[in-house]
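One structure below.
Each reported figure results from applying straightforward, stated rules to the coordinates on display, with no laboratory input. Being a predicted model, the structure only gives us computed values, none of them experimental. Neighbour counts are summed over all protein chains in view; Cβ atoms, including those assigned to glycine, are modelled from backbone coordinates with ideal geometry.
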Amino acid sequence: MTLLQIEDLKVHFPVRTGRFGGGKGTVRAVDGVSLSIDARETLALVGESGCGKSTLGNAVLGLAPVTAGTIQFDGQDLGTLSTAARKRLWRDMQVVFQDPVSALNPRRSIASSIAEPLIIHGWSGSIPDRVTELMELVGLNADQRTRRPQALSGGQRQRVVIARALALNPRLIICDEPVSALDVSIQSQILNLLMRLQAELDLSYLFISHDLSVVRHIADRVAVMYLGTVVEDGPASAVFSDPVHPYTQALMSAIPLPDPSRRDRGDRVLLQGDLPSPLDPPSGCPFRTRCPLAEPRCAETRPALTPQGPGHRAACLVQDRNPGGPPA
Amino acid sequence: MEKTASMPTDTTLPPPRPSRLSRLRESDLWYSFRAHPSAIFAVALLALVAVTAFLAPLIAPQNPYDLAALVLWNSEIPPIWDAAGQWPFVLGTDTQGRDVLSAVLYGSRISLIIGFSSVMLALVVGLTLGLIAGYFGGWIDNVIMRIGDVLLSMPFILIAILITAIASASLPTGLKDVLAAPILIFAIAVPSWVQYARTVRASAMVEAKKEYVQAARLIRVKSWRIMLHHILPNCLTPIMVAATLNFGLAILSEATLSFLGVGMPPDQPSLGTLIRIGNQYLFSGLWWIVVFPSVQLCLIVLSVNMIGDWLRDALNPKLR
C-alpha cells in the first residue's frame with residue numbers, strides 16, 4: 001500500500017541576483033521529482049549537499065512552499081485538503097532532524113519537549129504516563145525527564161528527538177540526516193533503534209542522507225538526487241550492486257572500503273568540478289557538465305526515468321539499458 | 001513528597017524538582033555573583049537606596065509633600081555637623097524649610113518608580129514588536145524597524161521633551177500634576193523601546209531558524225505560542241543586560257527632564273527637580289540643597305551600572 005506519493009514536485013524559490021539585487025532569479029531546489037513510499041518501507045534519498053534532499057522533505061512537511069506537483073498522503077492530496085484536514089493528516093508525519101543540539105529547546109526539560117505535541121494535539125490519556133512510555137520506547141531512562149538537553153549526550157538527545165516525533169503515533173517519519181552529527185558508534189545504535197521502532201510501530205521512513213554506508217544498512221529502496229531531480233531509484237540491493245546512472249556509479253565508488261587491499265581498485269570514478277548552480281541549471285541532462293560519459297545529445301534532451309530492471313529506474317541517455325522502451 | 005513515603009512500591013516517580021531557591025544557589029550566576037565583590041557592593045547599595053526610598057513615609061523625619069508641615073523659620077539650616085545645624089534636619093533644609101533628607105528619600109522613590117516603570121513599558125513594547133519583526137520578517141519587519149529607525153534618528157531627550165511639552169500644553173493644570181509621573185514614564189519609554197526591539201529581533205531571527213522551532217511548527221504549535229514559549233526565553237540574556245543598563249539611563253533621563261523643568265513639579269519633587277531647585281542657591285552658599293540629591297542620583301546610577309556591567313560579563317558565554 002502506498003503511503004506517500006509525490007508526483008512531479010517542484011519547489012522553486014525566487015531570489016534577487018546581481019550586485020544591487022536588481023535581477024530576479026529562481027532557485028530550482030526541487031525540479032520535478034516523483035517518488036513513492038509504501039507502508040513500513042524505508043526510502044533513502046541520497047545526494048550531495050545542495051541537491052534538494054532536505055527541501056523535498058520540508059515540502060512534504062509543509063515547511064517549504066510547493067510550486068507545482070502533488071503530494072498525496074494515504075491517498076489524500078495535501079494541496080486540496082482543508083486546513084483542518086491537513087492538520088489532522090500532518091499528525092501522521094513527523095521529523096527527526098540532523099542536529100540534536102538545535103532540535104531541542106535548551107531552556108526546556110526533555111519531558112516538556114516530548115510532551116509538547118501531546119499538549120498541542122490534546123492527548124486523551126495521561127501525558128506524564130505517555131512521556132514515560134515514549135522515553136522507555138527509545139531507550140531513555142525515565143529518571144532523566146527533568147534534565148535539560150545540555151545534560152545529555154548527542155545520542156541521548158537524538159533519542160529525545162525521536163521520542164518527540166513518535167509522540168502522536170505517526171505513520172511516516174522524515175529522517176533528515178538523523179545520524180550525520182553523531183559518533184560512528186552512536187550512529188549504529190540510533191539506526192538500530194530506528195529499525196526496531198519501524199518493526200514495532202509499522203513506521204515508514206523517508207531517510208535523507210549523504211552517507212551511503214548508513215543507507216545500505218537501513219534502506220529498502222534508494223532514490224539518488226542530483227540538482228533537484230531524481231537520477232536513479234530502485235531497490236537498495238539493485239542500486240548498490242548494479243548502479244546504472246554515471247552519477248550513482250561515482251557515488252558508489254566513493255564509499256570507503258574497510259579492506260585496504262581493495263582500496264586501490266581501478267573502478268573509482270572521480271568527478272570533476274562542483275554542483276552547478278540551481279539558479280541556472282545546464283540544458284538537457286543536469287549531470288552532463290560533470291559526466292565522464294557525456295555526449296552532445298545530452299545537452300539537448302532532458303532524460304526521463306526509464307525502467308532498467310524490476311522496480312529500478314534511471315535517467316540517462318547513454319547508459320539506458322532499454323533504449324526506445326516506454327518511459328516509466 | 002510524603003506521597004512517595006507512603007507508597008514504597010512506586011519507584012518510577014521522578015526525583016522531586018529542586019526548588020527555585022536551591023536551583024538559584026547552584027546556578028553559575030550565583031557563583032559569579034559571589035566571586036565579584038563589586039557586584040555584591042552594587043546590589044547592597046541599590047538595595048539600601050531602594051529600601052530607604054520605599055520606607056520613606058515611615059523613616060523620613062518630615063513629609064515633604066505636606067506643605068502645611070513646612071515651617072519657614074526652619075529654612076536654610078545647614079547639615080547637622082555644621083555648627084548651625086539642628087536636629088532633626090540631618091542634611092539641612094532648603095529655603096522653604098523642607099528637610100533635605102526627607103526630600104531626597106521621597107525623591108529617590110519617585111525616580112526609582114519612574115525609571116523602573118519606563119524600562120518595563122519599553123521592554124513590553126520592544127519585546128513584542130521585536131519578536132514579531134524577527135519571527136515573521138517580511139513587510140511587518142520592515143514597518144516596525146523603520147519606525148524604530150525614525151525614532152533613533154532623533155535625539156532621545158528631544159523626543160521626551162516633545163512628548164512632555166505636548167502633554168503639559170494640552171492638559172488642564174490640575175490634571176497635569178496628577179499625570180506628571182505617567183507622562184514622564186511614557187516619554188522615556190517611547191524612544192527606548194527600539195533598542196530592545198532590535199536586540200530581540202536579531203536573536204529571534206537566529207532562533208527561528210533553529211530546528212527546535214521548526215519542530216514546534218511541525219507539531220502545529222501556534223505562532224504566538226512559539227514566540228512566547230520557545231523563542232523569547234532564548235533571547236532574554238542580552239535583554240537582561242540592556243534593561244539593567246537602561247534602568248540607570250532612564251533614571252538619568254527623568255532627572256534631566258525634571259532638571260529642565262518639564263518633569264516632576266516642585267511640590268512632588270524627584271531627584272532631578274530637587275537638583276534644579278537647589279541649583280539656584282548653589283552660589284548663595286546653600287550647597288547642601290543641591291549636593292545631597294546629586295550624590296544620591298550618582299549612587300543610584302552607579303550601582304545600577306555596576307550591576308549591569310557585572311551581568312554583561314557573567315552572562316557572556318565567551319568570558320565564562
On a C-alpha basis, how far is the centre of segment A:182-216 from the centre of segment A:24-53 in Å? Whole number, if you could? 18
Near the amide H of A:Leu45, under 5 Å away, which other amide H atoms are found, from residues 5 or more places off or on another chain, if H is placed in the peptide plane? A:Phe207, A:Ile208, A:Ser209, A:Ala223
Please state, rounded to one decimal and in Å, the Kirkwood hydrodynamic radius that chain B gives when every pair of distinct Cα atoms enters the mean of 1/r. 22.6
Taking only Cα atoms of segment B:208-281, radius of gyration then Dmax in Å: 21.9, 68
When a footprinting reagent is the concern and you count Cβ atoms within 10 Å, what order do A:Thr248, B:Thr256 take, fewest first? B:Thr256, A:Thr248
Determine the alpha carbon to alpha carbon distance for each of A:Lys24/A:Lys87; A:Lys10/B:Lys222; A:Lys24/B:Lys210; A:Lys87/B:Lys209 and list only those over 25 Å. A:Lys24/A:Lys87; A:Lys10/B:Lys222; A:Lys24/B:Lys210
If you average 1/r over all unlike Cα pairs in segment A:64-124 and invert the result, what Kirkwood radius do you get in angstrom? 14.1
What does the net charge come to around A:Leu203 if you take all other residues with beta carbon closer than 13 Å to its beta carbon, with K and R at +1 and D and E at -1? -3
For segment B:59-319, whose charge dipole is built from +1 on Lys and Arg Cβ atoms and -1 on Asp and Glu Cβ atoms, the candidate among B:Gln96, B:Ser168, B:Ala197 with its Cα farthest towards the positive end is B:Ala197
Surrounding net charge for B:Trp287, when Lys and Arg each add one and Asp and Glu each subtract one, Cβ distance under 14 Å: -3
Dipole magnitude of segment B:200-320 about its Cα centre (Cβ charges: Lys, Arg +1; Asp, Glu -1), debye to nearest 20: 840
State the answer as a single residue: which of B:Ala187, B:Ala53, B:Trp310 lies farthest towards the positive end of the charge dipole of chain B, with beta carbon charges of +1 for Lys and Arg and -1 for Asp and Glu, about the Cα centre. B:Trp310
Quick one, what does Rg over Rh come out to for segment B:163-320 if you take C-alpha atoms and the Kirkwood Rh? 1.14
Just to compare against my own numbers: the Cα pair-distance distribution for chain A, 20 Å bins, whole % per bin, please. 29, 55, 15, 0
Report the net charge of residues surrounding B:Val71, where surrounding means a beta-carbon distance below 14 angstrom and charges are Lys +1, Arg +1, Asp -1, Glu -1. -3
Ranked by Cβ crowding within 10 angstrom, fewest neighbours first, how are A:Met225, A:Met135 ordered? A:Met135, A:Met225
How do A:Asp274, A:Asp77, A:Asp259, A:Asp92 line up, fewest other C-beta atoms within 10 Å first? A:Asp259, A:Asp274, A:Asp77, A:Asp92
Taking Cα pairs closer than 8 Å and at least 6 residues apart, the relative contact order of chain B in percent is 21
Simple spin-label estimate for B:Val150/A:Asp202, 7 Å along Cα→Cβ, in nm, reads 6.0
Can you give the calculated 222 nm mean residue ellipticity of the protein assembly as shown, where each DSSP H run of n ≥ 4 adds -39,500 (n - 2.57) and the sum is split over every residue, rounded to the nearest 500 deg cm²/dmol? -15000 deg cm²/dmol
What fraction, in whole percent, of alpha-carbon pairs in segment A:178-328 exceed 19 Å separation? 60
Which angle from 0 to 90°, rounded to the nearest 10, does the C-alpha axis of helix B:156-170 make with the longest principal axis of chain B? 70
With Kirkwood's inverse mean 1/r over C-alpha pairs for Rh, give me the Rg to Rh ratio of the protein assembly as shown, two decimals please. 1.14
Stretch gain in nm, segment B:Lys209-B:Val143, where the contour uses 0.36 nm per residue and the Cα spacing is subtracted: 21.6 nm
Largest-first principal axis extents, alpha carbons of segment A:1-138, Å: 55, 39, 30
Counting only complete DSSP H runs, which helices of chain A cover 24 Å or more along their long axis at the Cα atoms and score a mean Kyte-Doolittle of 0.0 or above? A:184-201
What's the magnitude of the charge dipole for chain A around its Cα centre, counting Lys and Arg as +1 and Asp and Glu as -1 at the beta-carbon? Answer in Debye, nearest 20. 860
Crossing angle, helix B:100-136 versus chain B [Cα axis fit, 0-90 degrees, rounded to tens]: 30
For the protein assembly as shown, give me the percentage of DSSP beta bridges that are antiparallel, rounded to the nearest 5 percent. 65
7 Å from Cα along Cα→Cβ at both B:Asn305 and A:Arg107: what's the point-to-point distance in nm? 3.0
